[in-house]
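Readers should treat all values here as calculations from the given coordinates under stated rules, not as data from a laboratory. All values reported here derive from a predicted model rather than from experimental measurement. Don't worry about glycine lacking a Cβ; one is built from the backbone with ideal geometry, like all the others, and counts go over all protein chains shown.
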Amino acid sequence: MAAQNGKDLLIKLDMTGSGVFETIAGLRATRLSFNAESVDVTSLESTGGWRELLGGAGVKSASISGSGVFKDATTDERARQIFFDNEVPDFQVIVPDFGVVEGPFMITSVEYAGSHNGEATYELSMASAGELSFTAL
């Protein structure tokens, strides 16, 4: 697989709850991370004193974050609404030449910043709030 453009890693938001996804405006940096908690079942009987983990027993989670230039576009307005209304809509993350991760996420933080001689910026953080699906590209 050849190297991929970072700008092709997209975060999309279901704008109306009907499965119509739009790329969140102004994002310049995006990140998707997965986590699977481990359940330690090590005992005095563990061979050689090595840790043992129980497969399939931990909680899985994902987080999305992004930062970029604040454009006050329709997607920015929708993200603000989601945060203040405490909604849990579906998001998609497009990973180029890999696949699409889709499912419910809660926006856990929104930050706005700006300096007198620069652009207004924002950062979003989201946490998975249900089962996610993966579709290979």
- Item | Student exercise, the chain dipole from Lys, Arg, Asp, Glu Cβ charges, in Debye to nearest 20 | 300 debye
- Query: From the backbone phi of region 87-99, what are the Karplus-calculated ³J(HN,Hα) couplings (6.51 cos²θ - 1.76 cosθ + 1.60, θ = phi - 60°) in whole Hz, Gly and Pro given as x?
  - Reply: 7, 10, x, 7, 10, 10, 10, 9, 9, x, 6, 10, x
- Message: Please list 3J(HN,Hα) in residue order for region 41-48, calculated via the Karplus relation 6.51 cos²θ - 1.76 cosθ + 1.60 where θ = phi - 60°; whole Hz, with x for glycine and proline.
- Response: 10, 5, 9, 5, 8, 5, 4, x
- Calculated FRET value between T16 and S38, using beta carbons and R₀ = 41 Å, to 0.05: 0.60
- Message: Among V59, L44, V100, whose Cα projects farthest towards the positive end of the dipole of the chain, with charges put on the beta-carbon of Lys, Arg (+1) and Asp, Glu (-1)?
- Response: V100
- Message: If I fit a long axis through the Cα atoms of helix 74-85 and take the longest principal axis of the Cα atoms of the chain, what angle between them do I get, 0 to 90°, rounded to 10?
- Response: 60 degrees
- Message: Could you tell me how far the Cα centroid of region 89-127 sits from the Cα centroid of region 1-79, in Å?
- Response: 10 Å
- Regarding region 6-136, what whole-number volume in Å³ per residue does the convex hull of its Cα atoms give? 160 Å³
- Scalar couplings 3J(HN,Hα) for region 53-69 by Karplus 6.51 cos²θ - 1.76 cosθ + 1.60 (θ = phi - 60°), nearest whole Hz, x for Gly and Pro, are 10, 8, x, x, 9, x, 7, 9, 8, 9, 9, 10, 9, x, 9, x, 8
